[in-house]
1. Which residue is surrounded by the fewest Cβ atoms within 10 Å (Cβ to Cβ), if the candidates are limited to the stretch 17-46 and must be at pLDDT 95 or above and over 20 Å from Ile70 (Cα atoms)?
2. Looking at (1) of a type outside the set (D, E, K, R); (2) surrounded by 19 or more Cβ atoms within 10 Å (Cβ to Cβ); (3) under 20 Å from Glu124 (Cβ atoms), find the lone condition where Ala11 falls short.
3. Can you run down the residue pairs with Cβ atoms below 6 Å, 6 or more apart or on separate chains, where the first is in the stretch 114-130 and within 13 Å of Thr143 (Cβ to Cβ) and the partner is assigned to a helix (DSSP H, G or I)?
4. Across the stretch 65-93, what is the number of residues that are over 20 Å from Ile110 (Cβ atoms), over 12 Å from the mean Cα position of the chain (by Cα) and not hydrophobic (A, V, I, L, M, F, W, C)?
5. So, Ala3, is that one surrounded by fewer than 21 Cβ atoms within 10 Å (Cβ to Cβ), at pLDDT 95 or above, of a type in the set (Gly, Ala, Ser) and over 20 Å from Ile134 (Cα atoms) or not?
6. Any residue in the stretch 95-105 that is under 19 Å from Ile9 (Cβ atoms), in contact with a Phe, Trp or Tyr (Cβ under 7 Å, 6 or more places away or on another chain), at pLDDT below 95 and not charged (D, E, K, R)?
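The values are calculated or read from the model by the stated rules, or taken from the named source; none is laboratory data. Because the structure is predicted, anything quoted here is derived from the model rather than measured. No Cβ is skipped: glycine too gets one built from the backbone with ideal geometry, and neighbour counts run over all protein chains shown.
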Amino acid sequence: MEAIIFCGIQASGKTTFYQEKFFRTHIRISLDLLRTRNKEWKFMETCFSTQQRFVVDNTNPTREDRFRYISAAKQHNFKVIGYFFQSKIDDAIERNAQREEKESIPAIAIKGTYHKMEIPNFDEGFDELYYVMIENEKFVINTWEDEI
């Protein structure tokens, strides 16, 4: 089974990417949807106990943020795959401005996440890592290299 961990600032395309690539195969675990860590953990526990593939669709900007998911997935013998969403801050703010008001995020929050973003690395426990970029309104997936 596999656990997929998304990493990227708000409005970098994570949820749209999930809908395009994983909607039919993986449960989506997201604080935007579930609202509390307790509910998030209950969903993850259910995925572990039923061997259900899942995607963690949060910003996960720091190693510490990602550690909780990676360590739990490894304890349950899940393969851990990371997707890092590259996005220029101005592009993310522009995409955010196109969202409906209730889904819009203050630009200051996007900038804050951007400034604390730590680039993921294999030494965190990922089995696979990928870069995701948006080019001409399409997702481009590249295999991980240790530089951006």
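1. The selected residue is Arg24.
2. (3)
3. Close Cβ pairs satisfying both conditions: none exist.
4. Count: 7.
5. Values: surrounded by fewer than 21 Cβ atoms within 10 Å (Cβ to Cβ): no; at pLDDT 95 or above: yes; of a type in the set (Gly, Ala, Ser): yes; over 20 Å from Ile134 (Cα atoms): yes.
Here the answer is no, as Ala3 does not meet what is asked.
6. Checked the stretch 95-105: no residue is under 19 Å from Ile9 (Cβ atoms), in contact with a Phe, Trp or Tyr (Cβ under 7 Å, 6 or more places away or on another chain), at pLDDT below 95 and not charged (D, E, K, R).
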